[in-house]
Amino acid sequence: MPVYEQTYRNYEGGLRHQFRWWIVVEQEFRVLSRSRIFKFLVLLAGLHVIFRVLQVVGYDVIVQDPNHPMAPLLKQVEVIVVNARMFFEFVRLQTPLMFITLLYAGSGMICNDIRNNLMEIYFSKPLRWYDYVLGKVLALILLGLSLTALPVILVLVQHNLLLPGAQTLSDSLFWGGAAMGYSLAVVIPTALCILACSAVMPGQNYAAITVFMLLIANSTMAGLLAGALRDRDYLVLSFPLALDRLGQELFQETRLLFELRWEWPLLYVGATCLLALAIIMWRARRAEVAA
């Protein structure tokens with residue numbers, strides 16, 4: 001009696017897309033779109049966007065009318081004024097919602113594939129480990145940018161339509177570029193770290209708890225070290241504060257968290273991203289060889 005190899009046969013069909021990693025991105029968004037919790041988190045993040053849209057509409061309508069009685073008063077209220085600080089605060093306040101959404105979406109992306117033996121299905125098709133990694137990473141990054149950078153672009157377009165002019169356009173280009181840079185600085189490390197924990201943990205809950213524990217331990221250590229040595233520059237060891245420092249530099253904020261130059265938090269964030277990416281690539285390459 002012949003002995004057959006118990007494995008999946010090689011893929012013999014044609015390619016649906018020019019980029020093979022796009023299949024992985026589509027699959028992740030298809031799975032997330034069925035989750036009620038994911039829809040609730042996106043809706044919750046959308047409430048902040050709606051508030052900013054109403055703020056811009058109210059401000060632009062009043063400011064463009066010089067005879068409006070509230071125009072001088074409105075310009076003095078810093079919280080209402082549409083400026084660089086408003087967009088910085090928007091991305092900064094949107095970050096916790098983005099983090100929770102990415103944590104829910106990404107903490108099981110790799111470990112669930114390993115537990116459910118989906119790696120053999122992925123790699124039985126013309127997918128390589130780098131296609132798998134790129135698809136997973138881009139899926140989370142695109143999701144994060146849709147909650148941070150994309151709303152900023154939409155609000156800026158609305159701002160230029162309500163208050164057209166050369167000065168508005170010039171300001172919008174600066175605000176948009178700074179918001180895009182800040183969003184990338186926040187989203188990319190968040191996505192990579194979540195996926196790295198998902199790659200080494202046995203389950204989604206373990207990965208999510210690990211991310212929370214590492215974040216709490218990191219921030220606590222930075223605060224204790226800065227307090228013990230009486231030097232606020234040690235707050236750069238706190239990953240969230242390091243990201244905030246990069247955002248302050250991009251938006252040219254004068255009220256800084258600490259006086260340490262922005263190159264140091266950038267180096268810290270970059271090294272963390274490289275380490276997380278190395279873990280993801282190692283796990284995917286190992287799974288491909290096993291499949």
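The values are calculated or read from the model by the stated rules, or taken from the named source; none is laboratory data. Please read all numbers here as calculations on a predicted model, not as lab measurements. For neighbour counting, all protein chains shown are included, and Cβ atoms are generated from backbone atoms with ideal geometry for every residue, glycine included. What goes into the accessible areas is simple: the full protein's heavy atoms, side chains included, and nothing from ligands, DNA or RNA. Shrake-Rupley method; radii C 1.70, N 1.55, O 1.52, S 1.80 Å.
Grab the helices (runs of 4 or more DSSP H) fully contained in the range 1-94, keeping just those with 2 or more residues being open to solvent by 100 Å² or more (accessible area, probe 1.4 Å), modelled with pLDDT of 90 or more and over 30 Å from residue 131 (Cβ atoms).
36-63
Close contacts from the range 262-285, counting a first residue that is open to solvent by 50 Å² or more (accessible area, probe 1.4 Å) and a second that is of a type in the set (Ser, Thr, Tyr), with Cβ to Cβ under 8 Å and a gap of 6+ residues or different chains, come to 281/130.
The rows are residues; the columns are (1) more than 30 Å from residue 111 (Cα to Cα); (2) not in a helix (DSSP H, G or I).
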{"position": "233", "(1), (2)": "yes, no"}
{"position": "245", "(1), (2)": "yes, no"}
{"position": "261", "(1), (2)": "yes, yes"}
{"position": "271", "(1), (2)": "no, no"}
{"position": "274", "(1), (2)": "no, no"}
{"position": "283", "(1), (2)": "no, no"}
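Scanning for something out of contact with any helix residue (DSSP H, G or I) (no Cβ under 6 Å at 6 or more places or on another chain) and of a type in the set (Asp, Glu), does the range 274-291 turn up at least one residue? Scanning the range 274-291, I find no residue that is out of contact with any helix residue (DSSP H, G or I) (no Cβ under 6 Å at 6 or more places or on another chain) and of a type in the set (Asp, Glu), so the answer is no.
Summed over the range 111-128, the residues that are part of a helix (DSSP H, G or I), touching a residue at least 40 places away in the same chain (Cβ under 8 Å) and open to solvent by 50 Å² or more (accessible area, probe 1.4 Å) give a count of 4.
Just to verify a result, which residue in the range 131-156, among those that are β-branched (Val, Ile, Thr) and touching a Gly at 6+ places or on another chain (Cβ under 7 Å), is least open to solvent (accessible area, probe 1.4 Å)? My answer is 152.
With respect to the conditions (1) crowded, with 22+ Cβ neighbours inside 10 Å; (2) in contact (Cβ under 8 Å) with a residue 40 or more places away in the chain, residue 188 lacks only one, and its number is (1).
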